[in-house]
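So the structure is just underneath, and the comments pick up after that.
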Amino acid sequence: MKRKEKELYWTGQINEYRESGETLVQWCEKKDIKIHTMKYWLRKQSPVATEKPETAWVSCLVEEEENLKDTITLKIKNVEIEVMSGFQDELLLKVLRTLDQL
């Protein structure tokens, strides 16, 4: 069976199933069709499967500030520490250990 013939055959089967008023299991048993095969064709021929989502593009303008530096603010207990890019690891570690002892 060619692809178009299969699609027509299964479209007919799906229409017959829907008009029968039976459950999928009952109809498949009566017709001697594997339920997984019928579910496959139901999904394949559903309107959701054939619709392709539309792609939408949005333009945006990104402005960079030259004076803005990368910073992180750490809040530990009642103390705020501002850490800037290029900080000294050992110094920050010593400060954090000291704060932990307070």
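The values are calculated or read from the model by the stated rules, or taken from the named source; none is laboratory data. All values derive from a computational prediction rather than experimental measurement. Don't worry about glycine lacking a Cβ; one is built from the backbone with ideal geometry, like all the others, and counts go over all protein chains shown.
If you go through the stretch 1-52 and keep only what is surrounded by fewer than 13 Cβ atoms within 10 Å (Cβ to Cβ) and hydrophobic (A, V, I, L, M, F, W, C), you end up with M1, L8, V25, I35, V48, A49.
Any residue that is in the same structural domain as K94 (by TED's automatic domain parsing), over 31 Å from the mean Cα position of the chain (by Cα), on the phi > 0 side of the Ramachandran plot and at pLDDT below 90 - is there at least one of those in the stretch 63-79? Yes; the residues of the stretch 63-79 include at least one that is in the same structural domain as K94 (by TED's automatic domain parsing), over 31 Å from the mean Cα position of the chain (by Cα), on the phi > 0 side of the Ramachandran plot and at pLDDT below 90. Select from the stretch 73-102 the residues that are in contact with a helix residue (DSSP H, G or I) (Cβ under 9 Å, 6 or more places away or on another chain) and in a loop (DSSP other than H, G, I, E, B) and list them in ascending order. Correct list: K77 only.
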